[in-house]
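The numbers here are math on the coordinates, done by the rules we state, and not lab data. The structure presented is a predicted model; accordingly, all values stated were derived computationally and were not measured. Reconstructed Cβ throughout: ideal geometry from the backbone, glycine too, with neighbour counts over all protein chains shown.
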Amino acid sequence: DQQVKQNSPSLSVQEGRISILNCDYTNSMFDYFLWYKKYPAEGPTFLISISSIKDKNEDGRFTVFLNKSAKHLSLHIVPSQPGDSAVYFCAATLSNGQNFVFGPGTRLSVLP
Amino acid sequence: DVKVTQSSRYLVKRTGEKVFLECVQDMDHENMFWYRQDPGLGLRLIYFSYDVKMKEKGDIPEGYSVSREKKERFSLILESASTNQTSMYLCASKRGGLDEQFFGPGTRLTVL
């Protein structure tokens, strides 16, 4: 049973518009959440993170929102660019940061 | 920049062969991880190590073993490869605490 879920396997967005990627988790003990981006034939690269004591973290075009009561987080990309086309993985970890649990990923396609 | 390297990008082996996948990181990270990535399943943790000669089972350790004789090197061993071990294998490393993981480029293993 997956502890971290990304229910949309794929998403297509027009260039310049907002991309919203969603992630749900089941373990209320998760304390820290991360988003990774993966291009084909490359390893995932870290994008942005958020601690459970916050509800929002922003870095340039990327913002992550956390709703602890709903066990839900989302990644907003605005404006979306063609270079953002990749697979996005949501990950969660406990407070010791030792073991990350990854979701199945969402493939984002940004259309020019 | 952290660099995580994996010994092979592509590997083809026969059923029953012993397979070694090597991973080296150059940033003196304490923690190292082996994942496999399969479509629809995301990244699943096989084993991780938080110190030299220490290892912990992840979510899917069956059929695999690991070795960490030096801090910078973490090896994944398939004692007797099977076709259901055909997958993308990703190595990662990180410092202690709530810090992101840095991934290698991956090894695509095909077992015939």
Check your understanding: Where a Cα-Cα gap under 21 Å defines reach, which lysines qualify for A:Lys54, not counting those fewer than 8 residues away within the same chain?
Key -> A:Lys5, A:Lys68, A:Lys71
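Any idea what the relative contact order of chain B is, in percent, if you count C-alpha pairs under 8 Å spaced at least 6 apart?
Working: 296 pairs, mean separation 40.4, N = 112.
Across chain B, relative contact order equals 36 percent.
As a footprinting exposure proxy, order A:Ser85, A:Ser109 by other Cβ within 10 Å, with the fewest listed first. Could you put the intermediate results ahead of the total?
Details: A:Ser85 19, A:Ser109 14.
Going from least to most buried by this count: A:Ser109, A:Ser85.
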Review point. Dipole size in debye (nearest 20) for chain A around its Cα centre, Lys and Arg Cβ +1, Asp and Glu Cβ -1?
Key: 100 debye
Review point. Rg and Dmax of chain A over Cα atoms: what are they, in angstrom?
Key: 13.3, 42
**Study point:** FRET E, pair B:Arg14, B:Leu41, Förster distance 25 Å, beta-carbon r, rounded to 0.05
**Key:** 0.55
Practice item. Over 18 Å between C-alpha atoms is what I'm after, so list which of B:Lys3/B:Lys94; B:Lys3/B:Lys70; A:Lys37/B:Lys71 land there. Key: A:Lys37/B:Lys71
